[in-house]
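As structure tokens, the structure follows; a few thoughts come after it.
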Amino acid sequence: MKVLANDGVSQSGINVLEAAGYEVLTTTVAQEQLQNYINKNDISVLLVRSATKVRKDIIDNCPNLKIIGRGGVGMDNIDVEYAREKGLHVINTPAASSHSVAELVFGHFYGLARFLHNSNRDMPLEGDTNFKALKKAYAKGIELKGKTLGVIGFGRIGQATAKIGIGAGMKIVAFDPFMEKANLELDFFDGQKLNFEIETISKEDVLKQADFISLHVPAQKEYVIDESELKMMKDGVFIANAARGGVVNEFALVKAIESRKVAGAALDVFEKEPQPEIQLLMNASLSLTPHTGAATNEAQDRIGVELADQIINILG
């Protein structure tokens, strides 16, 4: 059987599939040519990330397709229910990238708290001529230790983020409409383990208490963070969105930054991806990455192997 990894897949995943007798193609086929390519090459499994869309046209017109796999968590680029109604298996890898996303969030938080995203740009330009002024400009950093981390959405990625927060010495408050509490097990280098039970609270209470807020929710119709939510937050709050573009009202966020309600924000995802609003790209209080939350070698290895194992379990 043939597997088309249209947005790429790790070599570790390819190795597992090839050892089981599958042929893996890693050609990147343009969206408009995808249907024809799948049929012409008798593709049984289509693997995608976020770039390729798998809509009704492909599902209806590719009769040999048996599995659609998403390397990652969110599946908003796939017509999941329709595919399952048509008898296709739809799989993803919800756990594989959790820690990678969580580490990126904290990379942003530490960077914002100590102005690293700005000083890294300013030092090459002015470090030799304006050193003392830059030192003064970036002298009022803050520590994360002792601060409160608010996690909105307490699934796997939210919990992974909370674990790093605990390790950093932060208090954790969390909101999730589908979960009353979660047990977090922290594993340490010498084999020791510690367990923390976190009981979720209301969204409003998280917004009011948190010094740092991280979003880990699926795409939805309404903004999760809009003007009303921003008003509830502490003055000088930091916010990170490494979940989905469109869960934060970006214009309201910029206004809250301009009024100094929000001290800084981190965005890994954008409403108008892959062409974010220019006012976001030019804002010195924003720390930005181009949707790289799951883009670590380790996460991609886990994703590839997890997809491969699921394919083999389904098709044999």
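The values are calculated or read from the model by the stated rules, or taken from the named source; none is laboratory data. Since this is a predicted model, take the numbers as computed values, not measurements. Reconstructed Cβ throughout: ideal geometry from the backbone, glycine too, with neighbour counts over all protein chains shown. For accessibility, only protein heavy atoms count, side chains too; no ligands or nucleic acids. Shrake-Rupley method; radii C 1.70, N 1.55, O 1.52, S 1.80 Å.
Data for the structure
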quantity	calculated
Qualifying residue in segment 81-92 (condition: assigned to a loop (DSSP other than H, G, I, E, B), in contact (Cβ under 8 Å) with a residue 12 or more places away in the chain and closer than 26 Å to GLN33 by Cβ)	yes
Pick from segment 75-123, criterion among the aliphatic types (A, V, I, L, M) and over 26 Å from GLU298 (Cα atoms), ranking: surrounded by the most Cβ atoms within 10 Å (Cβ to Cβ)	ALA83
Pairs where the first residue, in segment 188-207, is part of a loop (DSSP other than H, G, I, E, B) and the second is hydrophobic (A, V, I, L, M, F, W, C) and open to solvent by 60 Å² or more (accessible area, probe 1.4 Å), C-beta under 8 Å, 6+ apart	PHE188/LEU194
Leading residue by the ranking (farthest from ARG244 (Cα to Cα)) among those in segment 46-62 that are in a helix (DSSP H, G or I) and touching a residue at least 24 places away in the same chain (Cβ under 8 Å)	ASN61
Pairs with Cβ under 7 Å, 6+ apart, first in segment 218-243 and open to solvent by less than 10 Å² (accessible area, probe 1.4 Å), second hydroxyl-bearing (Ser, Thr, Tyr)	ALA240/SER214
Considering residues of segment 13-60 that are surrounded by 16 or more Cβ atoms within 10 Å (Cβ to Cβ), small (Gly, Ala, Ser) and within 23 Å of the chain's Cα centre (by Cα) only, the residue modelled with the highest pLDDT	GLY13
Segment 63-77, residues that are in contact with a strand residue (DSSP E or B) (Cβ under 9 Å, 6 or more places away or on another chain) and touching a residue at least 24 places away in the same chain (Cβ under 8 Å)	ASN64, LEU65, LYS66, ILE67, GLY69, GLY71, GLY72, VAL73, GLY74, ASN77
Within segment 132-159, tally of residues that are surrounded by fewer than 22 Cβ atoms within 10 Å (Cβ to Cβ), among the small types (Gly, Ala, Ser) and out of contact with any Gly (no Cβ under 8 Å at 6 or more places or on another chain)	5
Single residue of GLU185, GLU222, GLU197, GLU180 found to be of a type in the set (Asp, Glu), on the phi < 0 side of the Ramachandran plot and touching an Asp or Glu at 6+ places or on another chain (Cβ under 7 Å)	GLU180
Residue within segment 76-88 that is under 28 Å from the mean Cα position of the chain (by Cα) and at pLDDT below 95 present	yes
